[in-house]
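Presented below is the structure to which this report refers.
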């Protein structure tokens, strides 16, 4: 039989049992939505993590005071913070660890910042001038502080985008203005480019950047630092870097064998690894959910096709009596079940595309539409329909003509 005729017969059958057909297609719809949705969310979040890792700078690495606890979301927080990490420790790590191109000790804290009659709570990043290169983070307006500012302990600073906007209304208006940390005044040299959150979950636009020596002597009067940021060579082996940094720090802090470290090493890949683990778990759970939904949809199609065969026994007998072949009957019912599942899968795929597009635009996430996943789901839905319709089609093909005509 010609395909258009099969199509018309299939549509008339669906219309005759439209509510049952809708319920059957709903299972396939939910299965397709769950499967493609989870696949897309996983790929989008992995890409987001990659972008956030790139924000931290090429081959960046850190040794920090205290212990690091990563969250499943990829964020990190410092626990058991220690105050015995010194600039001397940072220099020893920079000079002693192989594959280190350059590094900067840093202090990371939170303070209230005042300026232009406004006050905000900002994260303070006190470092050397090469921080901007190590972290791949540069000023968009004005300039970053230089080595002369460090040596002379000049009271200068660079603002993050959000801090500049909250204090002065715009980045341009902040240049040359004065901000206050406690009673110390700092002249604004520049405003950093918009960066957003990094892979550790820190919003880099909420930072205020100060020369390290200026902060330690004129703002906080402290001798300890938060850690050291490193930029590694492209061929650096992270295991070797970790072993070397650990050995140097344990020796300088007189940590005996068996004692716990009072520092930690961190690579962006560590946070990414946990993010991937969380995403893998989500993908697995999504796969289970979609499998259940597909199974329910398949059973729904199976049940409705059995009902269709029973209600169309006379039609089937007449078609067989006028020359219809068994394979024609089988083909017709398989086409109807595949069409039903295909419609459910198509709506599920379409819903995924719409939701992913809208969600990525609203949440400012990288938009990824995986055509292979969508096509695979659509084809899989049709295959599910064929599998669910196989038994009813076999029943229809084996209806005896005389039994039907006797009715």
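Before moving on, here are some points about what is shown:
- Looking only at residues of the stretch 191-205 that are surrounded by fewer than 22 Cβ atoms within 10 Å (Cβ to Cβ) and either assigned to a strand (DSSP E or B) or in the same structural domain as residue 45 (by TED's automatic domain parsing) (or both), we find that the one that is modelled with the highest pLDDT is 203.
- Selection count, the stretch 148-163, where residues are assigned to a helix (DSSP H, G or I) and within 15 Å of residue 208 (Cβ to Cβ): 4
- Residue 402 modelled with pLDDT of 85 or more and either in the same structural domain as residue 291 (by TED's automatic domain parsing) or over 26 Å from the mean Cα position of the chain (by Cα) (or both): no
- Here the condition is being touching a residue at least 12 places away in the same chain (Cβ under 8 Å) and out of contact with any strand residue (DSSP E or B) (no Cβ under 8 Å at 6 or more places or on another chain); of 187, 217, 183, 231, it holds for 217 alone.
- Verdict on residue 375 being exposed (fewer than 15 other Cβ atoms within 10 Å of the Cβ) and at pLDDT 90 or above: yes
- Filtering the stretch 208-224 to residues that are in a loop (DSSP other than H, G, I, E, B) and closer than 15 Å to residue 123 by Cβ leaves only 220.
- So residue 123, is it surrounded by 15 or more Cβ atoms within 10 Å (Cβ to Cβ), under 36 Å from the mean Cα position of the chain (by Cα) and under 25 Å from residue 90 (Cα atoms): yes
- Selection within the stretch 225-243 - at pLDDT below 90 and either within 22 Å of residue 146 (Cβ to Cβ) or not in a helix (DSSP H, G or I) (or both): 231, 232, 233, 234, 235, 236, 237
- Residue in the stretch 41-50 that is over 26 Å from residue 351 (Cα atoms) and either modelled with pLDDT under 80 or part of a helix (DSSP H, G or I) (or both) present: yes
- With respect to being buried (at least 22 other Cβ atoms within 10 Å of the Cβ), over 30 Å from residue 88 (Cβ atoms) and at pLDDT 90 or above, residue 158 falls outside the description.
- If only residues of the stretch 350-368 that are touching a helix residue (DSSP H, G or I) at 6+ places or on another chain (Cβ under 6 Å) and either surrounded by fewer than 19 Cβ atoms within 10 Å (Cβ to Cβ) or not assigned by TED's automatic domain parsing to the domain that holds residue 316 (or both) are counted, the one that is nearest to residue 26 (Cα to Cα) is 351.
Here's the yes/no breakdown for (1) surrounded by 18 or more Cβ atoms within 10 Å (Cβ to Cβ); (2) modelled with pLDDT of 80 or more:
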{"position": "254", "(1), (2)": "no, yes"}
{"position": "263", "(1), (2)": "yes, yes"}
{"position": "276", "(1), (2)": "no, no"}
{"position": "284", "(1), (2)": "no, no"}
{"position": "297", "(1), (2)": "yes, no"}
{"position": "308", "(1), (2)": "yes, no"}
{"position": "319", "(1), (2)": "yes, no"}
{"position": "341", "(1), (2)": "yes, yes"}
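- Among the residues listed as 145, 186, the single one being closer than 27 Å to residue 91 by Cβ, in a strand (DSSP E or B), modelled with pLDDT of 90 or more and assigned by TED's automatic domain parsing to the domain that holds residue 114: 186
- Test: residue in the stretch 82-98 that is within 30 Å of the chain's Cα centre (by Cα), part of a loop (DSSP other than H, G, I, E, B) and either modelled with pLDDT under 90 or surrounded by fewer than 17 Cβ atoms within 10 Å (Cβ to Cβ) (or both): no
- Some residue of the stretch 79-88 being touching a helix residue (DSSP H, G or I) at 6+ places or on another chain (Cβ under 6 Å) and either farther than 27 Å from residue 196 by Cβ or touching a residue at least 24 places away in the same chain (Cβ under 8 Å) (or both): no
- Residues of the stretch 134-152 satisfying the condition of being in contact (Cβ under 8 Å) with a residue 60 or more places away in the chain and either touching a strand residue (DSSP E or B) at 6+ places or on another chain (Cβ under 7 Å) or surrounded by 21 or more Cβ atoms within 10 Å (Cβ to Cβ) (or both): 134, 135, 137, 144, 145, 149, 150
- Restricting the stretch 238-252 to residues that are touching a residue at least 24 places away in the same chain (Cβ under 8 Å) and more than 12 Å from residue 63 (Cα to Cα), the residue that is surrounded by the most Cβ atoms within 10 Å (Cβ to Cβ): 252
The values are calculated or read from the model by the stated rules, or taken from the named source; none is laboratory data. Treat the numbers as computed from the prediction; the structure is a model and nothing was measured. Every residue, glycine among them, receives a Cβ derived from its backbone with ideal geometry; neighbour counts consider all protein chains shown.
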